[in-house]
Each structure stands twice: as C-alpha cells, then as structure tokens.
Amino acid sequence: MYERLTELLLEDEALTDGLSDEDASELIGWLIGIVEDLEDESEEIPQQYLSQLKRVGHEIARIARRYGVPVQELIDLVEQVWEDPSGDSSPRPMQA
C-alpha cells in the first residue's frame, strides 16, 4: 500500500513543477513522511486523506512558485497549524 501511495505522489508532476530540486525534494519527502505516519497508525489510509494531502502539496507548491517562499517555511507553517493542542505533534490531515 505504502509503495502505491508513494508512487502516486512521485508521479504527480504538478506537485513539483516549477520548484527547485531542493524545494521539490522537501515537499515530496514531507508528503511521503505523512503517508508513512498515517500508515503506522492504521492499515488502510482513506482515499480522502491522500487527496487532501495532494491538495495541500499543490497549494504549497503554488505559493512557493508565485511568491518565492521557500517550501520548508510553508511546511513549517502547515505543521504549526496541524499541531495537536494536547501536545501530540504527529501530523494529521486537516478536516474540512
């Protein structure tokens, strides 16, 4: 399952289009890390989580391209928003 999800992220050229190699690597690595964490917590990752992660990745890439903000700074911002107030800092997909 993990390999298939990783492959889907790597094949999505829109996630890295227009980013430097370093920014693209950071973004893909971060998304794959979240998938790994989710897989550790449960056997099956709901499709909605993967779709949501891809949307977040696309928005991070869009902002980085349009405004020249380094991907790592955007990732740090998203992780800060995702932090669990109870102190558990494992990333969880946002719920609409």
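We did not get these values from a lab; they are worked out from the coordinates using the rules stated. As the structure is a prediction and not an experimental result, all values here were calculated from the model. Using ideal geometry, Cβ is built from the backbone for each residue, glycine included, and neighbour counts are taken over all protein chains shown.
Counting only residues that are buried (at least 19 other Cβ atoms within 10 Å of the Cβ) and among the hydroxyl-bearing types (Ser, Thr, Tyr), region 1-32 holds 1 of them. Is there a residue being of a type in the set (Lys, Arg) and either touching a residue at least 24 places away in the same chain (Cβ under 8 Å) or at positive phi (or both) anywhere in region 4-11? No, region 4-11 contains no residue that is of a type in the set (Lys, Arg) and either touching a residue at least 24 places away in the same chain (Cβ under 8 Å) or at positive phi (or both). Close Cβ contacts (under 8 Å, 6 or more residues apart or on different chains) running from residues in region 16-28 that are on the phi > 0 side of the Ramachandran plot to residues that are of a type in the set (Lys, Arg) comprise GLY18/ARG65.
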